[in-house]
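As structure tokens, the structure follows; a few thoughts come after it.
The values are calculated or read from the model by the stated rules, or taken from the named source; none is laboratory data. Bear in mind the structure is a predicted one, so any value in this text is a computation, not a measurement. Heads up, the Cβs are rebuilt from the backbone with ideal geometry, glycines too, and the neighbour counts pull from every protein chain shown. These area figures cover heavy atoms from the full protein model, side chains too; ligands, DNA and RNA do not enter into them. Shrake-Rupley method; radii C 1.70, N 1.55, O 1.52, S 1.80 Å.
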Amino acid sequence: METVILAVVIAVVVLAVLGGLVVGSRRQKSLPPPPPTTPDITAPPTEPHVGDEAETPRDEPRRTIEEVDLPGGGATGTAVEEPPAPEVPALEIPEPTEGRLIRLRARLSRSQNALGKGLLTLLSREHLDEDTWEEIEDTLLTADVGVQPTQELVERLRERVRVLGTRTPEELRALLRDELLKLVGTDVDRTVKTEPADRKPGIVMVVGVNGTGKTTTTGKLARVLVADGRTVVLGAADTFRAAAADQLQTWGERVGAHTVRGPEAGDPASVAFDAVKEGKEMGVDVVLIDTAGRLHTKTGLMDELGKVKRVVEKHAPLDEVLLVLDATTGQNGLVQARVFAEVVDITGIVLTKLDGTAKGGIVVAVQRELGVPVKLVGLGEGADDLAPFEPEAFVDALIGD
């Protein structure tokens, strides 16, 4: 019995040993060989990116901004001087308007008295036959007086010369002066209406074709008003012509008049509306509105001028609508006058460039055409060469001394 037990124990031990050997051999086959040991290698430096330092920063002493010398050798810590502000131009004092045309009479007579001298020479002939009277008519027509006024003047001259008989130079001059004054008109109110009785400000709109001196006339008119003690706001409603607003603003700055303007190629009616609005808020005496110089043959543009008038009248009625005409255009200017009169109610005429090659008779013709008086005349390029029209001074300049 003991022998059997011993044999069983030995068998169990043998089996356990054999099982352990088998498991160990399988583990040795499944495990991979250990990786070889690799040396430590330092990675190359990466390329710098935008904003990185080009090299490793070093600990170096740094200077503060107070220690850095500014360019120009200035002292450390000295503040940079600001550029001086532009100087405000001194206000000009316009020349008084009273008697201005009389003071400019010499300039007017140098260019205009050919008409008067020509008529006096013809009327001084011993025998005034039909040929002479035809020459008188031609002289008047050449001076842009117009057909109907010329016929009226010649008829009156014929009658008075026949009654007068013997004619001295002084009598002829007095006769011609009297008849020319009747033709020009002395009983017409030529005041530029800028002082409405029931409100402020007075509103004046200036219209006309490009090239007639419209914007310049508006600026000169501001000087006339300032010289008479009025305060003025300018409305730069000519938004289509380059630098028109700059030109008008320059005129205003010279006499202290505020200018209301809008963007280039903007709505002119809006600018005109704002100008009157600001004029009322500022309590000024007069608002002058410079409109775009329109080709009178463009219906759409003329309609837009009518729109400007309607928009302004939302504030108050216009006191004056002044039509600026170039006196050198003669009878051609009457075509422009007719079209403008159909769009807006013209209340007065400004004749510019009357000191050049213009014929004095255009004063008579344009008044007859529109039925409104010439109120202002331009007699030169100077800032104070715009004058209220005075018939007596004008006729005296025509016939000379």
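Quick notes on this structure:
- Cα gyration tensor shape of region 312-401, rounded if a/c is under 1.5, else prolate or oblate by comparing a/b with b/c: prolate
- Label zone (GLU195, point 7 Å along Cα-to-C-beta; backbone nitrogen cut-off 16 Å) within region 208-250: 224-232.
- Per-residue accessible area (protein heavy atoms, 1.4 Å probe) orders LYS314, LYS193, LYS309 as LYS314, LYS193, LYS309, starting from the largest.
- Segment THR142-ILE5, extension gain: residue separation times 0.36 nm, minus the distance between their alpha carbons: 32.8 nm
- Put a dot 7 Å past the Cα of ASP131, heading toward its Cβ, do the same for ALA341, and the two dots end up 3.9 nm apart.
- Largest first, the residues ARG230, ARG105, ARG310 sort by 1.4 Å accessible area into ARG310, ARG105, ARG230.
- The magnitude of the dipole of region 151-299, with charges of +1 and -1 set on the Cβ of Lys/Arg and Asp/Glu and taken from the Cα centre, is near 380 debye.
- Simple label model, 7 Å out from Cα along Cβ direction - VAL13 to ARG162, nm: 18.1 nm
- If the segment from THR250 to ILE102 were pulled out straight at 0.36 nm per residue, it would be longer than the present Cα-Cα gap by 50.5 nm.
- Highest average first, the peptides 136-148, 359-371 ordered by how many other beta carbon atoms sit within 10 Å of their residues are 359-371, 136-148.
- Electrostatic bookkeeping for GLU92 treats Lys and Arg as +1 and Asp and Glu as -1; over the other residues with beta carbon under 11 Å from its beta carbon, the sum is -1.
- Exposure rank, largest accessible area first [HIS315, HIS258, HIS127; 1.4 Å]: HIS127, HIS258, HIS315
- Structure note, pairs LYS182/LYS280; LYS117/LYS214; LYS277/LYS353; LYS193/LYS314; LYS307/LYS359: Cα-Cα distances above 30 angstrom occur for LYS182/LYS280; LYS117/LYS214; LYS277/LYS353; LYS307/LYS359.
- Cα centroid separation, region 215-269 to region 337-378 (Å): 22 Å
- Net lengthening on full extension, ASN332/THR121 (0.36 nm per residue, minus Cα-Cα): 73.1 nm
- Each label point was placed 7 Å from the Cα along the Cα-to-Cβ direction; for ALA242 and THR186 their separation is 5.1 nm.
- LEU120 accessible area, assembled protein chains, probe 1.4 Å, Å²: 20 Å²
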